[in-house]
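Below is one structure; the comments refer to it alone.
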Amino acid sequence: MSVTVVGSLNEDVLVAVDRLPGRGETVVGRSAALVPGGKGANQAAAAGLLGGRGDHTVHMVGRVGDDPSGDRQLAALTGSRVNVSRVLRTIGTPTGTATIPVEEASGENLIVVVPGANAELTPADVDTPSVRSARVLLLQLEVPLPSVEAAARAATGTVVLTPAPPRPLPAALLERVDVLVPNEHELVQLAGEKPGERSPAELVGLARRVTAGAVVVTLGARGALVVPGDGPALLQAPPPVTVVDTTGAGDCFSGALGQALAAGFGLPDAVRYAVAAAALSTTGAGARGALPDDDAVRRLLPRVPAATPVG
């Protein structure tokens, strides 16, 4: 019942600020810290902590540099019960990095990524038994698109794609994706629409324009929107928590969703579980500072509101 993640590994530079800067503006940070990150590695760490043992093994497929940063990323994933035997070293290219200013009052953030070794991941790298045999394969777009497509083609289990950072998706890739997990802004871009606030009903319409498969739209503090390939859409609100930092909450959501689907949950129940996990992940600093285990999520589940139909 394994989960495999094909994606990025980064070293994050977290900078605490009173407020996020505007275009061309300089602000003074309060503190800075180096922490493990990358959308792929964050999803793997979340899935690993939620159940990465025994038959629930979580595998990471990606690339790091031959540098101390790469050592730190591998050690952090191993500590989260993730198998890193398919994370390859890239000679002469540094491990990827991300600089993330975080607004202390709200927990909101901005992210600038330098791909580094992530850009060197090849289709041959993802041709591995851990991809082919995974019950759930988690993908994102911080590694080259041909490698994402190759992994999706090789998969025999459920394919979950987080389309971030957003880019046009080939029809052949969408056909291989069982569950697409954009946030609302990514969904609007995928649908070719102008930025702007949309109601849940409008987002359902956009999701069904983008793909005939299932879509789960993450909505931040509003929870998540479940749009099945057929049947009614549902809005799943999150439980109340005290937010410290939203960095990586979407990655935690995807990792928890993958683990729940691998455990046999139906999509609405898997989303409910993932909303609870993501909410807990915002109660500490950094993308992995408050990643929960399964016991913590199950304790919070009774406080998750019932999902409501979207007309």
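The values are calculated or read from the model by the stated rules, or taken from the named source; none is laboratory data. Just so it is clear, the structure is predicted and the values come from calculations on it, not from any experiment. Cβ atoms come from the backbone with ideal geometry, glycine included; neighbour counts cover every protein chain shown.
For segment 1-60, give me every one of the strands (runs of 3 or more DSSP E) that falls completely inside it and has 3 or more residues that are more than 18 Å from the chain's Cα centre (by Cα).
10-17, 29-37
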Quiz item: What do you reckon, is ARG222 of a type in the set (Lys, Arg) and within 26 Å of PRO268 (Cβ to Cβ)?
Solution: yes
Practice problem: Would you check if there is a residue in segment 235-256 being under 15 Å from ASN183 (Cα atoms) and in a strand (DSSP E or B)? | Solution: yes
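Determine which member of the set VAL112, VAL87 is surrounded by 18 or more Cβ atoms within 10 Å (Cβ to Cβ) and either modelled with pLDDT of 95 or more or farther than 16 Å from VAL5 by Cα (or both). Show your work before the answer.
Details: VAL112 fails: surrounded by 18 or more Cβ atoms within 10 Å (Cβ to Cβ).
Among VAL112, VAL87, only VAL87 is surrounded by 18 or more Cβ atoms within 10 Å (Cβ to Cβ) and either modelled with pLDDT of 95 or more or farther than 16 Å from VAL5 by Cα (or both).
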Quiz item: Any idea which of ALA287, ALA260, ALA276 is under 28 Å from ALA105 (Cβ atoms), in contact with an Asp or Glu (Cβ under 9 Å, 6 or more places away or on another chain) and not charged (D, E, K, R)?
Solution: ALA287
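Only one of LEU267, LEU225, LEU219 is surrounded by 23 or more Cβ atoms within 10 Å (Cβ to Cβ), over 18 Å from ASP293 (Cβ atoms) and under 18 Å from the mean Cα position of the chain (by Cα); which? Lay out the reasoning, then the answer.
Values: LEU267 fails: surrounded by 23 or more Cβ atoms within 10 Å (Cβ to Cβ); LEU219 fails: surrounded by 23 or more Cβ atoms within 10 Å (Cβ to Cβ).
Within the list LEU267, LEU225, LEU219, the selection yields LEU225.
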Quiz item: Does segment 133-146 include one or more residues that are surrounded by 24 or more Cβ atoms within 10 Å (Cβ to Cβ), of a type outside the set (D, E, K, R), in contact with a Gly (Cβ under 9 Å, 6 or more places away or on another chain) and within 15 Å of LEU88 (Cβ to Cβ)?
Solution: yes
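In segment 276-311, what residues are assigned to a helix (DSSP H, G or I), touching a residue at least 24 places away in the same chain (Cβ under 8 Å), of a type outside the set (Ser, Thr, Tyr) and closer than 16 Å to LEU257 by Cα? I'd like the intermediate steps shown before the answer.
Residues of segment 276-311 assigned to a helix (DSSP H, G or I): 276-281, 294-303.
Filter again for touching a residue at least 24 places away in the same chain (Cβ under 8 Å), leaving 276-281, 294, 297, 300-301, 303.
Retained after the next criterion (residues that are of a type outside the set (Ser, Thr, Tyr)): 276-280, 294, 297, 300-301, 303.
Residues satisfying the conditions are ALA276, ALA277, ALA278, ALA279, LEU280, ASP294, VAL297, LEU300, LEU301.
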Quiz item: Of the residues ASN183, ASN118, which is in contact (Cβ under 8 Å) with a residue 40 or more places away in the chain and over 30 Å from GLY311 (Cα atoms)?
Solution: ASN118
